[in-house]
1. Quick check: is even one residue across the stretch 79-97 open to solvent by 40 Å² or more (accessible area, probe 1.4 Å), over 19 Å from residue 179 (Cβ atoms) and at pLDDT below 85?
2. Which number in (1) open to solvent by 40 Å² or more (accessible area, probe 1.4 Å); (2) at pLDDT 80 or above; (3) under 16 Å from residue 128 (Cα atoms) marks the one condition that residue 18 misses?
3. Give the stretch 98-118 a look and list any residue that's surrounded by fewer than 15 Cβ atoms within 10 Å (Cβ to Cβ) and either touching a Leu at 6+ places or on another chain (Cβ under 9 Å) or under 16 Å from residue 26 (Cβ atoms) (or both), or say none.
4. Can you say whether residue 177 is touching a Cys at 6+ places or on another chain (Cβ under 7 Å), aliphatic (A, V, I, L, M), modelled with pLDDT of 90 or more and under 30 Å from residue 110 (Cβ atoms), as far as the supplied structure shows?
5. Among (1) open to solvent by 70 Å² or more (accessible area, probe 1.4 Å); (2) modelled with pLDDT under 90, which single condition is residue 57 missing?
6. Being of a type in the set (Lys, Arg), touching a residue at least 12 places away in the same chain (Cβ under 8 Å) and outside any loop (DSSP other than H, G, I, E, B), is that true of even one residue in the stretch 61-81?
7. When you scan the stretch 210-224, do you find a residue that is touching a Ser or Thr at 6+ places or on another chain (Cβ under 9 Å), closer than 19 Å to residue 100 by Cβ, at pLDDT 90 or above and in a helix (DSSP H, G or I), even just one?
8. Can you tell me which residue within the stretch 204-221, out of those that are within 27 Å of residue 107 (Cβ to Cβ) and in contact (Cβ under 8 Å) with a residue 40 or more places away in the chain, is surrounded by the fewest Cβ atoms within 10 Å (Cβ to Cβ)?
Amino acid sequence: MTEVVETIGRRFLPRGWRDFGRQLAIWFGFLLTYQLARGFAGHDRMLAIDHGRWVIHAEDKVGGLFELTFQQVATSSHWLELAVSWTYWMSEFTVLGFALLWVYLRRNEHFRSFRNWVLLAGVIGFVGYIAYPTAPPRMFSADGFVDMLAQFASLNHGSGVIELASNQYAAMPSLHAADALSVGVTPAYVVRHWWAKLIWLLWPAWVCFSVMATANHFWLDCVAGGLVALIAGSVIHRRRLSALIARRRDGALGTA
C-alpha cells in the first residue's frame, strides 16, 4: 500500500506528498483563520448601515444603482437565478480552490505566485472589513434590493455554522471580485487553448454580475475588490512587472 501511495505521489504530484500536504495546510489554515477572524471583525451594525447608505448615495451620483437592473435580469429566469445564487456561494472558495489545485498539478511553476496573490488579497480585504464595515445591498429593501438567497433555505446567510464564521457587514471590498480576478487572470495566462483563455477571462465579469444580482455587493464593492486584486498582484508579480517595463523601455529606446 505504501508503495502505491509513493507511486501516485511521484506520478501526479509535481513536488511529492510532503509539499502537497504543506500547501493543503497553508490553504485550509488560511481559510479557517480568515473565516473566523472575519466573523469577529467589524460588527457595528449602525456604522455598517451608514457606510452602506453612503455607498448608495455615491453610486446614485456617479452612475446609478446598476445592481437593481442586474437583479431584474437575473429574476427573469429561474435557471439564471439559480446560476447567480450558486455562483455567489461557490466562486470565492470552491472554484478558487479547484483553480489553485489545477495550477498546482498542471502548471506548478505558477502556483506559488498564484497562491500568494490570493492570500495577500485576503489580508488586504480583511483590513478593509475592519476599517470600513459596510452593509450589503440586501439590507436596504426600502431601496428596492431583494435578498435573492433568502428564498433558498440551504443558502440562508444566518444559519448555524455559517452565522458563526460569517460577517454580515463585510461587503467593502468584495473579495468575490478580487478572487475572481486572480482566478480569471492566472489560468487564462497558463492554459493553452484560446477558448479556455476566453472562458477564464470572462469569469470575473460573471462573478461580479452574480454578486450584484443577488444583492450581496454593490458595484463599488466590486471596483474596490478589483483594486485590492491589482494591488496584491502588483506586489506579488513586481519582479515580472519590472522586467516587462524594462523590456518595453529598452525596446522604445532601440526604435528611437
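The values are calculated or read from the model by the stated rules, or taken from the named source; none is laboratory data. Everything numeric in this text was worked out from a predicted model, so none of it was measured. Reconstructed Cβ throughout: ideal geometry from the backbone, glycine too, with neighbour counts over all protein chains shown. Side chains are part of the model used for accessible areas, which takes the heavy atoms of the whole protein and leaves out ligands, DNA and RNA. Shrake-Rupley method; radii C 1.70, N 1.55, O 1.52, S 1.80 Å.
1. Looking for residues that are open to solvent by 40 Å² or more (accessible area, probe 1.4 Å), over 19 Å from residue 179 (Cβ atoms) and at pLDDT below 85, one finds none in the stretch 79-97, hence no.
2. Of everything listed in (1) open to solvent by 40 Å² or more (accessible area, probe 1.4 Å); (2) at pLDDT 80 or above; (3) under 16 Å from residue 128 (Cα atoms), residue 18 misses just condition (3).
3. 105, 108, 112, listed by residue number.
4. yes
5. Failing condition for residue 57: (2).
6. Quick first cut of the stretch 61-81, residues of a type in the set (Lys, Arg) only: 61.
Next, from what is left, pick out any that are touching a residue at least 12 places away in the same chain (Cβ under 8 Å): none.
So far as the stretch 61-81 goes, no, none of its residues is of a type in the set (Lys, Arg), touching a residue at least 12 places away in the same chain (Cβ under 8 Å) and outside any loop (DSSP other than H, G, I, E, B).
7. No - not one qualifying residue is present in the stretch 210-224.
8. Among those that are within 27 Å of residue 107 (Cβ to Cβ) and in contact (Cβ under 8 Å) with a residue 40 or more places away in the chain, it is 206.
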